[in-house]
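Worksheet: the structure to be examined is printed underneath.
The values are calculated or read from the model by the stated rules, or taken from the named source; none is laboratory data. Computed from a predicted model, the values in this text were never measured in an experiment. Glycine gets a Cβ as well: all are built from the backbone with ideal geometry, and neighbour counts include every protein chain shown. Remember, those area values only see protein heavy atoms, side chains included, never the ligands or the DNA or RNA. Shrake-Rupley method; radii C 1.70, N 1.55, O 1.52, S 1.80 Å.
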Amino acid sequence: MKRTLLFFLSCFTATILFAQSQVTVKGQLTGPTENDPLPYATISVSNETSPQVAFKKLATDEKGNFTVALPAGKYFFSFNYVGMNVLNKDVDVSADKSPMDLGKILMTESSTQLGEVSVVAQKPLVKVEIDKLTYSAKDDPEARTSSVLDLLRKVPMVTVDGDENIQLKGSSNYKIYLNGKPSTMISSNPSQVLKSMPANSIKDIEVITDPGAKYDAEGVGGIINIITDKKVDEGYNGSIGAGAGTRGDYNANMYLTVKHGKWGFTGNGSYYVYNMPGSEYNFHRRDFSRTPETILDQLGTSKNSGMGNFISGLVSYELDTLNLFSVSVNGYTGKGKNTGITDVASTGGYDYTYKRTTGNTRNYGSRELSADYQRSFSKKGKLLTMSYKYSYDPNGSEGSTVITDTTGVPLLRPEDYKLKNLNDANGKEHTAQVDYVDPITKNHTVEAGLKYIFRDNSSFTDNQYWDFAASQWKEDIARKNDLVHNQYIASAYGSYGYKTDKFGLKAGLRAEQTQQNINFISQNDSLVKTKFFDMVPSLTLSYQLSMTKTLRLGYNMRVYRPGIWYLNPYVNNTDPLNISYGNPNLDAEKNHNISLNYGSFSQKFNLNASLNYSLTNNAITSYQFMKDGVNHSTYDNIGKSQSIGLNGYVNWRPITALNIYMNTNVDYIDIRSSKDPTLKNNGFSFRAFSGVTYTLPKDLRLSFNAGYFGNRVELQTNSSAFYFTSFGVTKSFFEKKLDISLRGNSPFSKYREFKSTTTGANFEQNSVFKFPMRSLNLSVSYRFGDLKSSVKRVQRGINNDDVKSGGGDQNTGGAGGVTTGS
């Protein structure tokens, strides 16, 4: 482990030191008064001897600041901003003056009347803050025809594999927030919900790797916060879209924002149908629990299909400039169907064969209702918010199994030859919270809040078998597992922030009191009560190395409380030889994280590198064991897990038309069982996703993506590596209002193989799953609107949210690559 730590430290240090030895020139561009910064202005730099030939272009940030690295010499700076006179300045860069501060540079207003303003340059997609990274979905041109799940592949430290499993910093234990609040709707089925959300309804995606005291302690890997686009000017704006694929899947979506006076509305909805053609799997297990050993082989095929819909809406009322009321509704429902046929053969200790036919239908969904009140004050940044949220998550499944063509004596009960199962599980949650933030001075900020959560989870089962002698269905009492699980969480937090021009600090402490009552109705109505109290500290330090480079160091403790999926004792015996069930006695998992982050973000090149160490002593771990020839899979707090990982994100735009990005993660994981010393595993795990986008004339855009996911390291299981590729062609029409996109997945391989090996004290099993992956999808999106604020954009007070920053190599004038027309 020490050698691994030294290896990662060496890689991280080398990444930070990868920079040229140049002089840093910085300054701030302002209007006629020094208190009037000019955001996203264009700056051209040329040699003094050739002032007409610019060799570098950049843009000021949202506060008018700029920085550029140059070798010693004499240069000619040209400053351009819409509504201002062009300003030229000679700058003599000396090697012994680093950094060189030009101070505040004042521009004068132009008397020329401007017409329509057209933004043609690209704002940086990622920005870094003291405790999070923000990916600007609104500034990603591919968002117009993509889903939120597609955008997540580009977000730093987030990976989405070919099976649409989402990981944050290599961990599957994270929380997904919607507009700053935990979203049970998304967390219960993230890939399906996010795939149904149109990306053009999203403003930002925040990656909160160092959650402060303000956030719930839950979420081991951190928080992915999805912020919808709620900014609406007077008028309306929206889009409609549809798509279809070669596998028989299709979808439709709509997004609409409306603002009239003090009222505002934002909503979107979607509907989809998916179809997964025949998959194949091969299962081989050696059971050493008896002599002679038993060898079990299973060979089968399966099909999956389903449908779902998503809808959300937010209504806001601005009573005055200081009081804002809003009510939001989110809903998601889905239905999936799976059918399969499997040939089973056992030799050795048990000799038998049979054919198993299965069918399973799952209904799932979520409904959320939120009400919020926001009180602003005359002091900028001071804010009081009060919120209430109710969520209801109905989830159920119905399955059947039929055994035929038997030879020998299978390891089956008489009740197993024909059975059906019904599980009705649901969760209800009430959340109330109050948050307060006060910037006491320019450098000091305090935050405080209270929160209360009540969760009511339940699971009821109906297991029946066919009595061949009586020719009727009978209840299988032995497999009945009903429970009601109530959880009460009360929390309070306080945090303090300090920030100067270069240094930032944020420290906080959160206290959470949790009580849970579990009523095992099927076990003599027994009741188990537990209580635990957690103090959750957090600390983040940041230092601005230059205008575009930041270094962050953070520590936090996270808690993962198991939900109904882990607690549910319902026995899934669709395959009687491989059964699975939850563990209602699970305890909360506590995780300690230390991270070191380096970020460099400019107009052309973005780099983020993060070194992370994580320790968990009571990790909730999936484990398997053999009993009477049957494999049992469940969960327990038996894992001691340590991991050290390096995350890297690179986005390079060498020219305006070309964008190249890569998202990588490599971890060394060591996990051991606290109960069985023979259960342990360690090794490296690597993931990478990259893409290239090129924009041709006539609004034609080409894209290509590729991903590689290495071996997964779990307590008992090692999984094989795999890769996937995709491409896209998008053409825009009618001034970019209409987009038609063609996307292809896995063009070079029709199927993907997924291999895994699992070992235990007395067994070893190997499985190979073969999925059809090649597909072709066509999508159409049309945007419409009648917003009435465009005239304001040519006035002196340009809104930072409306103007995209410039840069690039395009020879344009105005603010940040803004061209003007009469």
Using θ = phi - 60° and the Karplus form 6.51 cos²θ - 1.76 cosθ + 1.60, what ³J(HN,Hα) does each residue of the range 649-655 get, whole Hz, x for Gly and Pro? 9, 10, 9, 10, 10, x, 9
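List the chymotrypsin sites (Phe, Trp or Tyr not before Pro) within the range 694-795 that fall in a DSSP loop (any state other than H, G, I, E or B) and whose Cβ has at most 13 other Cβ atoms within 10 Å. Can you show the working numbers first?
Details: sites: TYR694, PHE704, TYR708, PHE709, PHE722, TYR723, PHE724, PHE727, PHE733, PHE734, PHE748, TYR751, PHE754, PHE763, PHE769, TYR782, PHE784; in loops: PHE734, PHE748.
Within the range 694-795, the qualifying chymotrypsin sites (Phe, Trp or Tyr not before Pro) (loop, at most 13 other Cβ atoms within 10 Å) are PHE734, PHE748.
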Computed over the chain: longest principal axis from alpha-carbon atoms vs helix 2-16 long axis, angle to nearest 10 degrees, is 30
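Given contacts defined as C-alpha pairs under 8 Å and at least six residues apart, what's the relative contact order of the chain, whole-number percent?
On the way: 2353 pairs, mean separation 106.9, N = 822.
Relative contact order, the chain: 13 percent.
Pairs of Cα atoms under 8 Å, at least six residues apart: use those to get the relative contact order of the range 225-376, whole percent.
Details: 362 pairs, mean separation 27.8, N = 152.
Relative contact order, the range 225-376: 18 percent.
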Which whole-angstrom value gives the distance between the alpha carbon centres of the range 439-510 and the range 197-213? 20
Which residues' amide hydrogens lie under 5 Å from the amide hydrogen of VAL86, considering only partners 5 or more residues apart or on another chain, with H built in the peptide plane? none
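I want to check a number: in the range 266-382, how many lysine pairs have alpha carbons closer than 21 Å, given a sequence separation of 8 or more or different chains?
Numbers: LYS303/LYS335; LYS303/LYS337; LYS303/LYS355; LYS337/LYS355.
Eligible lysine pairs with Cα atoms under 21 Å apart amount to 4.
As a check on your grasp of the helix formula, calculate [θ] at 222 nm for the chain: sum -39500 (n - 2.57) over DSSP H runs of n ≥ 4, divide by the residue count, round to the nearest 500.
Taken over the chain, the calculation gives -1000 deg cm²/dmol.
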Hey, got the dipole for the chain? About the Cα centre, +1 on K and R Cβ, -1 on D and E Cβ, debye to the nearest 20? 1200
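Quick one: order LYS104, LYS154, LYS418 from most to least accessible surface, probe 1.4 Å.
On the way: LYS104 95, LYS154 15, LYS418 70 Å².
Per-residue accessible area, sorted high to low, gives LYS104, LYS418, LYS154.
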Which of the peptides 456-462, 624-630 is most tightly packed, and how do the rest follow, judged by the mean count of other Cβ atoms within 10 Å per residue? 456-462, 624-630
Once neighbouring chains are kept in place and the probe is 1.4 Å, which whole percent of the accessible area of the chain is contributed by carbon and sulfur? 56
Nitroxide proxy distance, nm - points 7 Å out along Cα→Cβ at VAL434 and ALA244: 5.6
When the Karplus curve 6.51 cos²θ - 1.76 cosθ + 1.60 is applied with θ = phi - 60°, which whole-Hz ³J(HN,Hα) does each residue of the range 461-468 get, with x for Gly and Pro? 10, 9, 9, 10, 10, 8, 8, 5
Hey, can you find the accessible area per residue of the chain for me, probe 1.4 Å, expressed in square angstrom? 45
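Give me the percent relative contact order of the range 249-339, please, defined on Cα pairs under 8 angstrom at least 6 residues apart.
Numbers: 183 pairs, mean separation 24.7, N = 91.
Relative contact order here is 27 percent.
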Quick check on the range 42-95: take the gyration tensor over C-alpha atoms, sort the square-rooted eigenvalues as a ≥ b ≥ c, and tell me if it's rounded (a/c under 1.5), prolate or oblate. oblate
Estimated FRET transfer efficiency (LYS755, LEU778; beta-carbon r; R0 45 Å; 0.05): 0.85
Going by amide H atoms built from the backbone, whose H comes under 5 Å of the H on SER146, apart from near neighbours? ALA199, ASN200
Theoretical FRET efficiency, 1/(1+(r/R0)^6), r = Cβ-Cβ of ASP670 and GLU48, R0 51 Å, to 0.05: 0.30
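Which of rounded, prolate or oblate describes the range 306-386 when judged by the alpha-carbon gyration tensor and an a/c cut-off of 1.5? Could you put the intermediate results ahead of the total?
Details: a/c = 8.24, a/b = 3.67, b/c = 2.25.
Prolate, because a/c is 1.5 or more and a/b exceeds b/c.
May I ask you to give the average projected area over all directions of the convex hull of the Cα atoms of the chain, in nm² rounded to one decimal? Numbers along the way, then the final one.
Working: hull surface 146.5 nm².
In nm², the orientation-averaged hull projection of the chain is 36.6.
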Where in the range 688-702 does the amide nitrogen come within less than 17 Å of the point 7 Å from the Cα of PHE734, taken along Cα to Cβ? 699
